[in-house]
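The values are calculated or read from the model by the stated rules, or taken from the named source; none is laboratory data. Bear in mind that the values here come from a model prediction, so they are computed numbers and not experimental data. Here Cβ is always computed from backbone atoms with ideal geometry, including for glycine, and neighbour counts include all displayed protein chains.
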Amino acid sequence: MTSIQKNQYQEIRMEVANVDGFEGISVRIYSSVKGEFVPTRKGIWFRLDLLPDFLEMVDAFIETWLDDAPSTDEVVEGQQVIASMQ
C-alpha cells in the first residue's frame, strides 16, 4: 500500500485489493474519522492486468498536461486567487 496526503483530513491510497475473489488495484480516498483513516466510496478498482494500460494512460495525460501546463507563476497566482475567495 502506498499513499499521499490529499489534505488535512484525507489521503489517497493505492493498493492491491481483492474484490469478489478478483485481485486488482484500488485507488481510493480515505478520510480521517476519530483519528483513523477509513475508506470512502470515492475511488476506482481495476484488474491487475490493466495496470500497464493505466500507467500508459497516466503517462499520456502527464505529457499532454505538461504541454498545456500553466507556468509556476500562473499556478501561484491562481492559488492566491482561490485563497482570497475562501
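Within the option set LYS42, LYS34, being basic (Lys, Arg) and at pLDDT 95 or above holds for one residue only, LYS42.
Identify the residue in region 57-74 that is loosely packed, with under 10 Cβ neighbours inside 10 Å and more than 25 Å from PHE46 (Cβ to Cβ) and, among all such residues, is modelled with the highest pLDDT. Only one residue tops the list, namely ASP67. Take region 23-52 and flag every residue that is exposed (fewer than 11 other Cβ atoms within 10 Å of the Cβ) and either more than 16 Å from the chain's Cα centre (by Cα) or touching a residue at least 40 places away in the same chain (Cβ under 8 Å) (or both). Once the filter is applied, which keeps residues that are exposed (fewer than 11 other Cβ atoms within 10 Å of the Cβ) and either more than 16 Å from the chain's Cα centre (by Cα) or touching a residue at least 40 places away in the same chain (Cβ under 8 Å) (or both), region 23-52 yields VAL33, LYS34, GLY35, GLU36, ASP49, PRO52. Candidates in region 1-22 are the residues that are more than 14 Å from the chain's Cα centre (by Cα) and of a type in the set (A, V, I, L, M, F, W, C); of these, the one that is farthest from GLU36 (Cα to Cα) is PHE22.
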